[in-house]
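Chemist: Once you've had a glance at the structure underneath, I'll fire off some questions.
Each reported figure results from applying straightforward, stated rules to the coordinates on display, with no laboratory input. No experiment lies behind these values; they were computed from the predicted model shown. FYI the Cβ positions are ideal-geometry reconstructions off the backbone, even for glycines, and counts take in every protein chain you see.
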Amino acid sequence: MQTVHTVAELRAQVAAWKRAGERVAFVPTMGNLHRGHIHLVEHARALAPRTVASVFVNPMQFGPNEDFAAYPRTLAEDSRQLEAAGLDLLFAPSVAEVYPRPLEQMTQVTVPELPAVLCGASRPTHFGGVTTVVSKLFNLVQPDVAVFGEKDWQQLVIIRRMATDLDMPVDIVGVPTVREPDGLALSSRNGYLSAGERAVAPTLYATLRATAERLRAGEGDCAALEIEAKAKLAAAGFQPDYFEIRRPADLRRPLAGDRELRIFAAAWLGRARLIDNLAVTLR
């Protein structure tokens, strides 16, 4: 595995592959990798002969009083895992390499409407930072395909919309969430959980599953189900941010007759903000 830290080095290697006619798959990350990230890399390797991953803690997607400074930087261990997974090229730039001017002076890429709900309602600047850095990385890596985890479903929908609207020649592939045996979605922020909080954390996924079963059984009062689920999470020790039933493609509230739904949840448990979602097909 080759590791590069500059745009020039990255472009030189990708250009050589392109001249040889090789397809490139890309996995953007913020590092602090876990099995879910490695699964994305393995999936990417099945889609193209060359794979690139980035490790970049993106300051533009962190809001005031969020955990940018405290977010774990574990590049040496990340590199070891990525090399073991068979990655070809790791791009690990500095903030100055990606943003050579102060953030407020950098061009930003934003998608309308989709970021205003769910995570974006409480983190209003987050997705603008995500789409800006991902569009920049797409421009640098020039991937044929990019791979994202479905745990961040809202992010996946927003990036697909961005790529479509801006005619970016990249296929966006979503990969199902990797979970612990007790159902907890793998996340870099799970490391913030104490032992007691870790024992409680699977309740988030269990509540998603219980709500999905009630929807499939014919209960149609989404608002009532959402209120009940948030109360259950609060009783378990969470501070719920949202628990909402929406359409998967456009993140809007479901209409009568919609058969494909997705349940979204976010909640604080101690220092960790956990997010998860679950697809539901109605009978």
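Chemist: Run the simple label-point estimate for Arg189 and Ala279 please: 7 Å along Cα→C-beta, distance reported in nm.
Modeler: Simple spin-label model gives 2.4 nm for this pair.
Chemist: Scan the stretch 184-253 for trypsin sites (Lys or Arg not before Pro) in coil per DSSP, keeping those whose Cβ has at most 15 other Cβ atoms within 10 Å, and list them by number.
Modeler: Those that pass, being in a loop and sparsely packed, are Arg252.
Chemist: Quick check: convex hull of the Cα atoms in the stretch 165-236, volume per residue, rounded to a whole Å³?
Modeler: Once divided by residue count, the hull of the stretch 165-236 is 171 Å³.
Chemist: Another one. Rg over Rh of the stretch 1-108, using C-alpha atoms and the Kirkwood radius, what does it come to?
Modeler: 0.99
Chemist: For helix 7-19, what angle does its Cα long axis make with the longest principal axis of the chain, in degrees from 0 to 90 and rounded to 10?
Modeler: 80 degrees
Chemist: Rounding to the nearest 10 and keeping the result within 0 to 90°, find how far the Cα-based axis of helix 75-84 lies from the longest principal axis of the chain.
Modeler: Orientation of helix 75-84: about 90 degrees from the principal axis.
Chemist: Output wanted: per-residue J couplings in Hz (rounded whole) for the stretch 49-65, from phi through Karplus 6.51 cos²θ - 1.76 cosθ + 1.60, θ = phi - 60°, x for Gly and Pro.
Modeler: x, 10, 10, 10, 10, 10, 10, 8, 7, 8, x, 5, 9, 9, x, x, 6
Chemist: Of the DSSP beta bridges with both residues in the chain, give the percent that are antiparallel, rounding to the nearest 5.
Modeler: The answer is about 50 percent antiparallel.
Chemist: Please work out the Cα convex hull volume for the stretch 147-281 and give it in Å³ per residue.
Modeler: Convex hull volume per residue, Cα atoms: 115 Å³.
Chemist: OK, next. Among Val14, Val170, which comes first, second and so on when ranked by fewest other beta-carbon atoms within 10 Å?
Modeler: Listing Val14, Val170 from fewest to most nearby Cβ atoms yields Val170, Val14.
Chemist: Then there is this: Compute from the Cα atoms of the stretch 133-176 the Rg and the Dmax, the latter being the longest Cα-Cα distance, and quote both in angstrom.
Modeler: Every Cα atom of the stretch 133-176 included, Rg and Dmax give 9.8, 26 Å.
Chemist: Give the dimensionless ratio obtained when the Cα radius of gyration of the chain is divided by 2.2 N^0.38 Å.
Modeler: Normalised Rg, Cα atoms only: 1.02.
Chemist: Another question, then. Given the -39500 (n - 2.57) contribution per DSSP H run of 4+ residues, what per-residue ellipticity at 222 nm results for the chain, rounded to the nearest 500 deg cm²/dmol?
Modeler: Helix-only estimate at 222 nm: -11500 deg cm²/dmol.
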